[in-house]
Amino acid sequence: MGILVKPIVTEKMTAQGDKLSRYGFIVDSSANKIEIRKAVEERYGVTVKEVNTVNYHGKAKSRYTKAGLLSGRANKYKKAYVTLAGEDKIDFYSNI
């Protein structure tokens, strides 16, 4: 598995991509900003201006079922917000 797991394609991130040239990715939790920058530049052929990262820790979840109370945890993951330099754009829908 590479550093970039998948892009975040939501309404909010699409608006930021159009307005601010900022795109979101779910990344490997052990990746640092320099590795994320290199991976985005190699994969999409753009120039990265800035990388911001956020670690999301899995929170405890529980639900009631016929069998009783089931407890578990949501997965932890890391997000990277990548701002591109100049007029660079990333088109996630080009392969469709």
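Rule-based calculations on the coordinates, nothing more; no lab input. These figures come from a predicted structure and were not determined experimentally. FYI the Cβ positions are ideal-geometry reconstructions off the backbone, even for glycines, and counts take in every protein chain you see.
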- Message: Of everything in segment 2-44, what is aromatic (Phe, Trp, Tyr) and touching a residue at least 60 places away in the same chain (Cβ under 8 Å)? Give them in sequence order.
- Response: Tyr23
- Of Tyr56, Tyr93, Tyr81, which residue is touching a Lys or Arg at 6+ places or on another chain (Cβ under 8 Å), free of Cβ contacts under 8 Å to residues at least 40 places away in the same chain, of a type in the set (Phe, Trp, Tyr) and under 18 Å from Lys6 (Cβ atoms)? Tyr56
- Which ones in segment 4-20 are surrounded by fewer than 19 Cβ atoms within 10 Å (Cβ to Cβ) and of a type in the set (A, V, I, L, M, F, W, C)? Val5, Ile8, Val9, Met13, Ala15, Leu20
- Note on the structure: Across segment 27-56, the tally of residues that are touching a strand residue (DSSP E or B) at 6+ places or on another chain (Cβ under 6 Å), more than 13 Å from Lys78 (Cα to Cα) and in a helix (DSSP H, G or I) stands at 4
- Message: Residues to consider are Tyr93, Tyr64, Tyr23; find the one that is surrounded by fewer than 10 Cβ atoms within 10 Å (Cβ to Cβ) and either touching a Leu at 6+ places or on another chain (Cβ under 8 Å) or not in a loop (DSSP other than H, G, I, E, B) (or both).
- Response: Tyr64
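Take Arg43 and tell me if it is more than 13 Å from the chain's Cα centre (by Cα), closer than 14 Å to Phe92 by Cα and among the basic types (Lys, Arg). Quick ask: steps written out before the conclusion?
Working: more than 13 Å from the chain's Cα centre (by Cα): yes; closer than 14 Å to Phe92 by Cα: yes; among the basic types (Lys, Arg): yes.
Criteria met by Arg43.
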- Task: Can you confirm whether segment 62-71 contains a residue that is in contact (Cβ under 8 Å) with a residue 12 or more places away in the chain and out of contact with any helix residue (DSSP H, G or I) (no Cβ under 8 Å at 6 or more places or on another chain)?
- Result: no
